[in-house]
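Notes follow the structure.
The values are calculated or read from the model by the stated rules, or taken from the named source; none is laboratory data. None of the values given here were measured: they were computed from a predicted structure. For neighbour counting, all protein chains shown are included, and Cβ atoms are generated from backbone atoms with ideal geometry for every residue, glycine included. Surface accessibility is based on the protein's heavy atoms, side chains included, excluding ligands, DNA and RNA. Shrake-Rupley method; radii C 1.70, N 1.55, O 1.52, S 1.80 Å.
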Amino acid sequence: MALFRIDRRTELSCGEAWRRLTDWPRHSGSVPLTRITVTTPAPTGVGTVFVARTGIGRLAFEDPMEVVAWEPPGAQRPGHCRMVKRGRVVTGWAEIEVRPDPSGTGARLVWREELRVRPLPRALDALIAPAGRLVFGRALTAVLTG
């Protein structure tokens, strides 16, 4: 599996950064050729399922994910969310952590992801990790600033 980590700092408060990062459909505009649909009722929490559909027409695949850990940031604790990828093509997990920046303003966030793209040989994991870091890094920037 390809493992990658993205660290970001934002001027947004922890609460606002968390809100934007866990607004799953908001990610649709920031990941190329991808539309995200939440398939369970609001609000988001453990058990929430959403599906990222990536591609065009018949050349598309679905990446269903389920939230398995959900703890929004509080006054004295970081926020943490873990999703498990349950697709036929993409498997693995992703985690989001949001905490106050030590400077006293803004927030720090960490996105960790481990993914496996089933049709691809494991030898390509060394290429998938930097590609994932690039794509998801751009997506995080867009979600936080858009």
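Being touching a Gly at 6+ places or on another chain (Cβ under 9 Å), in contact (Cβ under 8 Å) with a residue 24 or more places away in the chain and of a type outside the set (F, W, Y) narrows it down to one residue among E71, E66, E113; which is it?
On the way: E71 fails: in contact (Cβ under 8 Å) with a residue 24 or more places away in the chain; E66 fails: in contact (Cβ under 8 Å) with a residue 24 or more places away in the chain.
Only one candidate passes the filter, namely E113.
Could you tell me whether G15 is in contact (Cβ under 8 Å) with a residue 60 or more places away in the chain and over 12 Å from the mean Cα position of the chain (by Cα)? Let's see the steps before the verdict.
Details: in contact (Cβ under 8 Å) with a residue 60 or more places away in the chain: no; over 12 Å from the mean Cα position of the chain (by Cα): yes.
Here the answer is no, as G15 does not meet what is asked.
All but one of (1) in a helix (DSSP H, G or I); (2) of a type outside the set (G, A, S); (3) open to solvent by 70 Å² or more (accessible area, probe 1.4 Å); (4) modelled with pLDDT under 90 hold for L124; state the number of the condition that does not hold.
With (1) in a helix (DSSP H, G or I); (2) of a type outside the set (G, A, S); (3) open to solvent by 70 Å² or more (accessible area, probe 1.4 Å); (4) modelled with pLDDT under 90 applied to L124, the lone miss is (3).
Just give me the residues in region 30-79 being touching a helix residue (DSSP H, G or I) at 6+ places or on another chain (Cβ under 8 Å) and more than 26 Å from G15 (Cα to Cα), in sequence order.
P32
Output yes when any residue across region 69-83 is open to solvent by 40 Å² or more (accessible area, probe 1.4 Å), in contact with a strand residue (DSSP E or B) (Cβ under 6 Å, 6 or more places away or on another chain), among the acidic types (D, E) and modelled with pLDDT of 95 or more, and no when none is. Full working, then the answer.
Kept after step one, since they are open to solvent by 40 Å² or more (accessible area, probe 1.4 Å), are these residues of region 69-83: 70-72, 75-78, 80, 82.
Okay, now just the ones that are also in contact with a strand residue (DSSP E or B) (Cβ under 6 Å, 6 or more places away or on another chain), so 70-72, 78, 80, 82.
Okay, now just the ones that are also among the acidic types (D, E), so 71.
Retained after the next criterion (residues that are modelled with pLDDT of 95 or more): 71.
Yes, because at least one residue in region 69-83 is open to solvent by 40 Å² or more (accessible area, probe 1.4 Å), in contact with a strand residue (DSSP E or B) (Cβ under 6 Å, 6 or more places away or on another chain), among the acidic types (D, E) and modelled with pLDDT of 95 or more.
Tally time: how many residues in region 5-26 are closer than 23 Å to A42 by Cα and open to solvent by less than 30 Å² (accessible area, probe 1.4 Å)?
Of all residues in region 5-26, those closer than 23 Å to A42 by Cα come to 13-26.
If we keep only those that are open to solvent by less than 30 Å² (accessible area, probe 1.4 Å) as well, we get 14, 17-18, 21-22, 24.
The total comes to 6.
Here are I56, I96, I128: which of them is closer than 22 Å to I6 by Cβ and either without any contact (Cβ under 8 Å) to a residue 60 or more places away in the chain or touching a His at 6+ places or on another chain (Cβ under 9 Å) (or both)? First the steps, then the outcome.
Details: I56 fails: closer than 22 Å to I6 by Cβ; I128 fails: either without any contact (Cβ under 8 Å) to a residue 60 or more places away in the chain or touching a His at 6+ places or on another chain (Cβ under 9 Å) (or both).
Sole residue among the options that is closer than 22 Å to I6 by Cβ and either without any contact (Cβ under 8 Å) to a residue 60 or more places away in the chain or touching a His at 6+ places or on another chain (Cβ under 9 Å) (or both): I96.
Considering each of R108, R88, R138 in turn, give the residue that is open to solvent by 20 Å² or more (accessible area, probe 1.4 Å) and part of a strand (DSSP E or B).
On the way: R88 fails: part of a strand (DSSP E or B); R138 fails: part of a strand (DSSP E or B).
Exactly one residue qualifies, and that residue is R108.
Please work out which residue is modelled with the lowest pLDDT, limiting yourself to region 27-43 and to residues that are among the polar types (S, T, N, Q) and surrounded by fewer than 18 Cβ atoms within 10 Å (Cβ to Cβ).
Going through region 27-43, the residues among the polar types (S, T, N, Q) turn out to be 28, 30, 34, 37, 39-40.
Next cut, surrounded by fewer than 18 Cβ atoms within 10 Å (Cβ to Cβ) only: 28, 34, 37, 39-40.
Numbers: S28: 86, T34: 90, T37: 95, T39: 96, T40: 97.
Only one residue tops the list, namely S28.
Could you say which residue among A52, A42 is under 11 Å from the mean Cα position of the chain (by Cα) and farther than 16 Å from I96 by Cα? Outline the logic, then answer.
On the way: A42 fails: under 11 Å from the mean Cα position of the chain (by Cα).
None of the other options fit; the residue is A52.
Within region 91-105, track down each residue that is over 15 Å from the mean Cα position of the chain (by Cα) and either crowded, with 18+ Cβ neighbours inside 10 Å or in a strand (DSSP E or B) (or both). Quick ask: steps written out before the conclusion?
Restricting attention to region 91-105, the residues satisfying the condition of being over 15 Å from the mean Cα position of the chain (by Cα) are 99-105.
Those that are over 15 Å from the mean Cα position of the chain (by Cα) and either crowded, with 18+ Cβ neighbours inside 10 Å or in a strand (DSSP E or B) (or both): R99, P100.
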